[in-house]
Amino acid sequence: MASEAPPFWWEKPDWRAYALYPASVVYGAVARRRMTRARREKIDVPVLCVGNFTVGGAGKTPVAIALAEQAKRMQLSPGFLSRGFGGNFSVPHVVDADHDSARYVGDEPLLLAEHAPVVVTRDRAAGARLLTSRGCDLIIMDDGFQSARIHMDYALLVIDGRRGLGNGHVIPGGPVRAPLVHQLRFAQAVLKVGDGDAANAIIRMGSRAGRAIYEAHAEIRDPERFAGRRFLAFAGIGDPEKFFRSVVQSGGKVEMTCSFPDHHFFAEEDLAELIAVAGQNELELITTAKDAVRLRHGTEHEREFASRLSVLEIELIFEVEHAPRAIIEATLKEWRDRRHRR
């Protein structure tokens, strides 16, 4: 099974990207117009957006969590603002990690809710006001950079070091969400996550544009748990290969893999097949934290399946230790300056 993003998006541009180029030009023009002309509602508290240049798989959620944890160390009360997978919430909804299902609110909001209050809604301004009413004094937007619905005091764009911008084309010919010049125009910083040189061109572009540049990497929690064990690794995320490599880096032996579309909700036949194949080959099952949270907040059968799994959890580590604090402080400064300009 493949990710929802066409594989050719992450390869060198070929005839498919060029055939779709006229549509990419139109999409890019619409995205550019929305970003430059939208009337962004200003919120009474600082707004920090964690976005990305491309569709899927850049690692925004661990970044948002790391920044929320830093904000709490600074005696702030952060809250997360998310559209939720599928964007089904026109009325703001506060995520209840004890009762909400992943099918209802999405997997990423449930992960975020383990660290701070989360509101999911299409109406980001209303969601931000709800978080503020509940005592949050810093809004961290998980995605939403290109939506141009509310004013962002600070926007940090995340890019994967190995995948970069893929083929560099705008949707639908590639994974890029809007023309790069216009994305950088509204960003204050760029964060490269992981090894690889695929992001180097955009890092240089951001540096020339005067944007702050940060780097970070993912570290596996308790990797010794997986050393020497033989796994069937499965994942329904934007970049399953990244997860498979992480299991190997932890010392685990990935004997078989199975990829599902991003945010995939597992049918009973999916789970039965995974159990059967793992059993026939005497393998253990391992998956990502995002997949595990969907299963733990799913049906009774999914919850029972989740109890059998090994879960590889990661933590984002900034290469410069004070970087998260610098990002929070810059957000607060921009917000204070905005208030003085009123």
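The values are calculated or read from the model by the stated rules, or taken from the named source; none is laboratory data. As the structure is a computational prediction, the values presented were derived from the model and not from experiment. Methodologically, a virtual Cβ is constructed for each residue, glycine included, from the backbone with ideal geometry; neighbour enumeration extends over all protein chains shown.
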Considering region 203-227 alone, what residues qualify as being surrounded by 21 or more Cβ atoms within 10 Å (Cβ to Cβ) and not aromatic (F, W, Y)? G206, A216
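State yes or no: is F234 closer than 29 Å to Y104 by Cα and in a helix (DSSP H, G or I)? Lay out the reasoning, then the answer.
On the way: closer than 29 Å to Y104 by Cα: yes; in a helix (DSSP H, G or I): no.
When the stated conditions are applied, F234 does not pass them.
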Among the residues of region 206-226 satisfying the criterion of being part of a loop (DSSP other than H, G, I, E, B) and either over 17 Å from R245 (Cβ atoms) or modelled with pLDDT of 95 or more (or both), which is nearest to the chain's Cα centre (by Cα)? R211
Out of all the residues in region 56-76, is one or more modelled with pLDDT under 95 and either touching a Pro at 6+ places or on another chain (Cβ under 6 Å) or among the basic types (K, R) (or both)? yes
Residue list for region 251-271, filter: in contact with a helix residue (DSSP H, G or I) (Cβ under 9 Å, 6 or more places away or on another chain) and either among the aliphatic types (A, V, I, L, M) or part of a strand (DSSP E or B) (or both): K253, V254, M256, T257, C258, S259, L271
Let me confirm something: among R336, R294, which residue is free of Cβ contacts under 8 Å to residues at least 12 places away in the same chain and either polar (S, T, N, Q) or assigned to a helix (DSSP H, G or I) (or both)? R336
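Among the listed residues A97, A148, A113, A125, identify the single one that is of a type outside the set (V, I, T), over 23 Å from I237 (Cβ atoms) and in contact with an Asp or Glu (Cβ under 9 Å, 6 or more places away or on another chain).
Details: A97 fails: over 23 Å from I237 (Cβ atoms); A148 fails: in contact with an Asp or Glu (Cβ under 9 Å, 6 or more places away or on another chain); A113 fails: over 23 Å from I237 (Cβ atoms).
After ruling out the rest, the residue left standing is A125.
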Looking for something more than 21 Å from the chain's Cα centre (by Cα), on the phi < 0 side of the Ramachandran plot and without any contact (Cβ under 8 Å) to a residue 40 or more places away in the chain - is there at least one such residue anywhere in region 2-10? no
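Considering only residues that are out of contact with any Phe, Trp or Tyr (no Cβ under 8 Å at 6 or more places or on another chain) and part of a helix (DSSP H, G or I), which ones fall in region 310-333? Spell out the reasoning first.
We begin by selecting, within region 310-333, every residue out of contact with any Phe, Trp or Tyr (no Cβ under 8 Å at 6 or more places or on another chain); these are 311, 313-317, 321-322, 325-326, 328-329, 332-333.
Passing the criteria: R325, A326, I328, E329, L332, K333.
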Scan the helices (runs of 4 or more DSSP H) fully inside region 1-97 and keep the ones with 2 or more residues being under 21 Å from L138 (Cα atoms) and touching a helix residue (DSSP H, G or I) at 6+ places or on another chain (Cβ under 8 Å). 60-73
Based on this model, can you work out whether V181 counts as touching a Lys or Arg at 6+ places or on another chain (Cβ under 7 Å), at negative phi and outside any loop (DSSP other than H, G, I, E, B)? no
With the condition kept exactly as written, say whether any residue in region 81-92 is touching a residue at least 40 places away in the same chain (Cβ under 8 Å), out of contact with any strand residue (DSSP E or B) (no Cβ under 7 Å at 6 or more places or on another chain) and under 30 Å from H340 (Cα atoms). no
I'd like to know if region 229-248 contains one or more residues that are surrounded by 14 or more Cβ atoms within 10 Å (Cβ to Cβ), out of contact with any Phe, Trp or Tyr (no Cβ under 9 Å at 6 or more places or on another chain) and polar (S, T, N, Q). yes
Every residue from region 116-140 that is outside any loop (DSSP other than H, G, I, E, B) and surrounded by 22 or more Cβ atoms within 10 Å (Cβ to Cβ): V118, V119, V120, R124, G127, A128, L131, L138, I139, I140
Report yes if H151 is on the phi < 0 side of the Ramachandran plot and without any contact (Cβ under 8 Å) to a residue 12 or more places away in the chain, otherwise no. no
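With V47, V25 as the choices, which residue is surrounded by fewer than 18 Cβ atoms within 10 Å (Cβ to Cβ), closer than 20 Å to Q183 by Cα, assigned by TED's automatic domain parsing to the domain that holds E329 and in contact (Cβ under 8 Å) with a residue 12 or more places away in the chain?
Numbers: V47 fails: surrounded by fewer than 18 Cβ atoms within 10 Å (Cβ to Cβ).
One residue alone meets the criteria, V25.
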